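No value in this document is a laboratory result; all are computed from the given coordinates. The structure displayed is predicted, hence computed values, not measured ones. So basically every Cβ, Gly included, is an ideal-geometry build from the backbone, and we count neighbours across all protein chains shown.
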Amino acid sequence: MNLVEFRTLLRNYLNGQQSPQEDRRLDRWYEELGADLELSEEELTAARKRMKAVIDTRTQEKKTLWLFTSTARWVSAAAGLFIVISLGIFWSMDDSVTYTNTSSKPVTVSLSEGTTVEVNPGATLVYSKSFPSDRREVSLAGQAFFKVSKDPSRPFRVYASGTITEVLGTSFWVRSSEEQLQVEVRTGRVQVSQQAKLQPISVLLTPNQQVVVNLRTQRWVSGLVEQPQTTLPSSFSFSNAPVKAVIDSLEKAYHIPVLLAKTPLERCTFSGTLADSTFYGKLELLCKTLKWSYRIEQKTIVIDGRPCPTSP
């Protein structure tokens, strides 16, 4: 859990609005924190004092008193975060914005540096009004589509369900729930990693690739998205064209590797149009015409079949 998520949970906690799912997240996070972070008694005491001073200025006296007398676990956990704060890793609490889409349609949120986020109904996005000079970080619960403004000097990170999705400039989906996290890349390159692990899992995704994480078993499965989208315009119309040229056009438009299982297949030619169909529709039409078949192997398409007859 990062500080952005922590702020949201803390705000709900102080207002008595935390859900059972948030309670479970706090339990899991606190257990992980204890395994990865060792603090001296002096550090804990100093952090408790700092935390109390901050909360005193932002909450009613009654809520603050109840927090510190009945939740010692919270205080100890938050102490670790305040030591992180003291190192200047995250921005000020006063600079954060929490937006929840309570409507029945997606709503676009524009961030200060040019990134746009299409927040789906029921989703919550936490972000900074003005990002620091060296990073851009947001937190997401639910589903949203990101179009990240390019800025090589400031990585853009999305924290969701114990993972970090990091990019410099791209567009992608993040779908976060209690059971599962799914990241789908439309354009650019995206790095998805675990949070708070000594040896975190990390996956690099390119256009039309995805990773699905089972949050209970921590099983990560990467592969192709269900409906690949073109990233470059193409006519997909061919007249007696070598099959290799057809495959090259598909790879350039969708950024998905397509391999021929046998070298002799390259001698075949194809005539027709593949424009009015999906990526898999194009593959099916190509293979049906040449009496071939294709299969998906993780992030790659493999085409197989009999070589075309040679001219006498």
(request) Just the ratio, please: alpha-carbon radius of gyration of region 181-312 over 2.2 N^0.38 Å, N its number of residues. (result) 1.25
(message) Longer than 30 Å from Cα to Cα, which of Lys150/Lys244; Lys147/Lys252; Lys105/Lys282; Lys105/Lys147; Lys262/Lys282; Lys252/Lys291 are they? Say none if no pair is.
(response) Lys150/Lys244; Lys105/Lys282
(message) Given region 210-287, report the % of alpha carbon pairs whose separation exceeds 22 Å.
(response) 33
(message) Using the basic label-point model (7 angstrom from Cα toward the beta carbon), what is the Glu179 to Ile296 distance in nanometres?
(response) 1.9
(message) Once R0 is set to 35 Å, what does the formula 1/(1 + (r/R0)^6) return for the Cβ-Cβ distance between Ser133 and Lys105, expressed as a FRET efficiency to the nearest 0.05?
(response) 0.50
(request) Please give the peptides 132-145, 248-261 ranked by average Cβ packing (other Cβ atoms within 10 Å per residue), highest first, as a rough proxy for protection. (result) 132-145, 248-261
(request) From the C-alpha gyration tensor of region 177-250, pull out the three semi-axes of the equivalent ellipsoid (sqrt of 5λ each), sorted largest to smallest, in whole Å. (result) 34, 12, 10
(message) Output wanted: per-residue J couplings in Hz (rounded whole) for region 170-185, from phi through Karplus 6.51 cos²θ - 1.76 cosθ + 1.60, θ = phi - 60°, x for Gly and Pro.
(response) 5, 10, 6, 9, 10, 10, 10, 9, 5, 9, 8, 10, 9, 10, 10, 9
(request) Could you compute the FRET efficiency for Ala275 and Asn240, with r as their C-beta to C-beta distance and R0 at 22 Å, rounded to 0.05? (result) 0.80
(message) From the phi angles alone, apply the Karplus equation (6.51, -1.76, 1.60; θ = phi - 60°) to region 140-148 and give each ³J(HN,Hα) in whole Hz, x where the residue is Gly or Pro.
(response) 9, 10, x, 10, 7, 10, 9, 10, 8
(message) Through the Karplus equation 6.51 cos²θ - 1.76 cosθ + 1.60, θ set to phi - 60°, convert the phi angles of region 152-160 into ³J(HN,Hα) values in whole Hz; use x for Gly and Pro.
(response) x, 7, 9, x, 9, 10, 10, 9, 7
(request) Quick one: which residues, 5+ away or cross-chain, put their amide H under 5 Å from the amide H of Leu260? H built at 1.01 Å from N. (result) Ile303
(message) Explain nothing, just the number: dipole magnitude of region 170-299 about its Cα centre with +1 on each Lys and Arg Cβ and -1 on each Asp and Glu Cβ, in debye rounded to the nearest 20.
(response) 280
(message) Net charge around Pro307, counting only other residues with Cβ within less than 15 Å of its Cβ (Lys, Arg = +1; Asp, Glu = -1)?
(response) +3
